[in-house]
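Participant: Pasting a structure here, questions to come.
The values are calculated or read from the model by the stated rules, or taken from the named source; none is laboratory data. Computed from a prediction, not measured in an experiment: that's the story for all the values here. Cβ atoms come from the backbone with ideal geometry, glycine included; neighbour counts cover every protein chain shown. Surface areas here come from the heavy atoms of the whole protein model, side chains and all, with no ligands, DNA or RNA. Shrake-Rupley method; radii C 1.70, N 1.55, O 1.52, S 1.80 Å.
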Amino acid sequence: MAVESPYTDNDLNALGLSREKIPRHIAMIMDGNGRWAQQRGLPRIEGHRRGVQSVRTVVEECARLNVEQLTLYCFSSENWKRPRLELELLMSLLQRYVVAEREEIMRQDIRFSTIGRTDRISSRILSEVNQTIEMSAHNPGMRLCLALDYGARDELVMAVRSICERALKGELLPEEITEETVAKHLYTADMGDPDLLIRTAGEMRVSNFLLWQISYAELWVTETLWPDFRSEELFSALKGFASRDRRFGGLNKPSSPAGT
């Protein structure tokens, strides 16, 4: 059962949006936490703490807009290279988030999920993550997916290994391997591909995020640092998305001549 959006058509029109052009799946690279803190003479972790408020804002607005899925790049496989103290604080923030937001997740009928490796995250944190996943599993609203210890190349390597194992067992012939086969062996096997990828802090790269899945996603980059990202920035991205001519490699039908 779909959750009814609190935004009416008139509300959306006032924001410069239309219901039929809201992307079904939005993916976000939340960049600029460290820079935000450094610009203010604060420790980097303060930028991450402030960034949690941006997460709350974006999750709430996307749920209100009836976006089907929101995928947030929270912790990459490369982030393990950061100083130990920062890593400990990031993991602590993650644990606090999945516990503190449970009531709000349930109130908004959000279905919580994650993608990425689980073997390098502590069992204590995984236990809290899994509890939030389990308690929200039957919610009918937006799917909120956190990419944790995630790297797209790592994901593709694991998919190839899994496919090779099936081939060695005689379950799959090489000529039977298709794009659909690969997609079914990714972390995102039960998810649709993103329609829109938003990146903050002005960086013009995708940083090993959903490389397979964003093949036809529209990209939208803002100079705004993640801790300052609010509803207005989200609406700007959605208006930008709505203005794109999405052809998926083909051609749109030419407009009919006037008077015909």
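For (1) open to solvent by less than 40 Å² (accessible area, probe 1.4 Å); (2) closer than 30 Å to Ala237 by Cβ, each residue gets a yes or a no:
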| residue | (1), (2) |
| --- | --- |
| Ala147 | yes, yes |
| Glu171 | no, no |
| Pro174 | no, no |
| Val182 | yes, yes |
| Gly192 | no, yes |
| Met204 | no, yes |
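Participant: Then there's this: For region 38-48, check the following and say yes or no: at least one residue is of a type in the set (S, T, N, Q), more than 26 Å from Ala217 (Cα to Cα), touching a strand residue (DSSP E or B) at 6+ places or on another chain (Cβ under 8 Å) and open to solvent by 70 Å² or more (accessible area, probe 1.4 Å).
Facilitator: Residues of region 38-48 that are of a type in the set (S, T, N, Q), as a first pass: 38-39.
If we keep only those that are more than 26 Å from Ala217 (Cα to Cα) as well, we get 38-39.
Next, only the ones that are touching a strand residue (DSSP E or B) at 6+ places or on another chain (Cβ under 8 Å) stay: none.
No, every residue in region 38-48 fails to be of a type in the set (S, T, N, Q), more than 26 Å from Ala217 (Cα to Cα), touching a strand residue (DSSP E or B) at 6+ places or on another chain (Cβ under 8 Å) and open to solvent by 70 Å² or more (accessible area, probe 1.4 Å).
Participant: Among the numbered criteria (1) open to solvent by 20 Å² or more (accessible area, probe 1.4 Å); (2) farther than 15 Å from Val67 by Cβ; (3) modelled with pLDDT of 95 or more; (4) of a type in the set (A, V, I, L, M, F, W, C), which one does Leu251 miss?
Facilitator: (3)
Participant: Give me the pairs, please: first residue somewhere in region 226-243 and within 20 Å of Arg35 (Cβ to Cβ) and touching a residue at least 12 places away in the same chain (Cβ under 8 Å), second residue anywhere and assigned to a helix (DSSP H, G or I) and open to solvent by 50 Å² or more (accessible area, probe 1.4 Å), beta-carbon distance under 9 Å, and either six or more positions apart or on two chains.
Facilitator: Taking only residues 6 or more apart or on different chains, the pairs are Trp226/Arg50; Pro227/Glu46; Pro227/Arg49; Pro227/Arg50; Pro227/Gln53; Asp228/Arg50; Arg230/Gln53.
Participant: Moving on to the next point. Taking the condition under 14 Å from Leu146 (Cβ atoms) and open to solvent by 70 Å² or more (accessible area, probe 1.4 Å), does Arg56 pass? Full working, then the answer.
Facilitator: On the way: under 14 Å from Leu146 (Cβ atoms): yes; open to solvent by 70 Å² or more (accessible area, probe 1.4 Å): yes.
Answer is yes for this residue.
Participant: Being open to solvent by 50 Å² or more (accessible area, probe 1.4 Å) and over 19 Å from the mean Cα position of the chain (by Cα) is the filter here, so list the residues in region 127-140 that pass it.
Facilitator: Residues satisfying the conditions are Ser127, Gln131, Glu134, Met135, His138.
Participant: Also, I was wondering about something else. Which residue is most open to solvent (accessible area, probe 1.4 Å), if the candidates are limited to region 87-99 and must be without any contact (Cβ under 8 Å) to a residue 12 or more places away in the chain and over 20 Å from Ser207 (Cα atoms)? Walk me through how you get there before you give the answer.
Facilitator: Quick first cut of region 87-99, residues without any contact (Cβ under 8 Å) to a residue 12 or more places away in the chain only: 87-88, 92, 96.
Cutting the leftovers down to over 20 Å from Ser207 (Cα atoms) gives us 88, 92, 96.
Working: Glu88: 94, Ser92: 39, Arg96: 121 Å².
Step by step, filter region 87-99, then rank; the result is Arg96.
Participant: Another one. Among the numbered criteria (1) open to solvent by less than 50 Å² (accessible area, probe 1.4 Å); (2) within 16 Å of the chain's Cα centre (by Cα), which one does Phe235 miss?
Facilitator: (2)
Participant: Looking at (1) open to solvent by less than 20 Å² (accessible area, probe 1.4 Å); (2) part of a strand (DSSP E or B), which one does Cys74 not meet, given that it meets all the others?
Facilitator: (1)
Participant: Filter region 36-49 down to the residues that are modelled with pLDDT of 95 or more, in contact with a Gly (Cβ under 7 Å, 6 or more places away or on another chain) and of a type in the set (D, E, K, R) and list them by number.
Facilitator: none
Participant: Looking at Thr222, Thr200, Thr181 in this structure, which one is within 15 Å of Met28 (Cα to Cα), free of Cβ contacts under 8 Å to residues at least 60 places away in the same chain and β-branched (Val, Ile, Thr)? Steps first, answer last, please.
Facilitator: On the way: Thr200 fails: free of Cβ contacts under 8 Å to residues at least 60 places away in the same chain; Thr181 fails: within 15 Å of Met28 (Cα to Cα).
It is Thr222.
Participant: Here's a follow-up. Scan region 162-169 and tell me whether some residue there is modelled with pLDDT of 95 or more, open to solvent by 50 Å² or more (accessible area, probe 1.4 Å) and among the aliphatic types (A, V, I, L, M).
Facilitator: Yes: one or more hits.
Participant: Among the candidates Arg143, Arg153, which residue alone is touching a residue at least 12 places away in the same chain (Cβ under 8 Å), of a type outside the set (Ser, Thr, Tyr) and loosely packed, with under 14 Cβ neighbours inside 10 Å?
Facilitator: Selected residue: Arg153, the only one of Arg143, Arg153 that is touching a residue at least 12 places away in the same chain (Cβ under 8 Å), of a type outside the set (Ser, Thr, Tyr) and loosely packed, with under 14 Cβ neighbours inside 10 Å.
Participant: Specify which of the listed residues (Arg120, Arg124, Arg84, Arg102) is open to solvent by 30 Å² or more (accessible area, probe 1.4 Å) and under 23 Å from Val59 (Cβ atoms).
Facilitator: That would be Arg102, the only listed residue that is open to solvent by 30 Å² or more (accessible area, probe 1.4 Å) and under 23 Å from Val59 (Cβ atoms).
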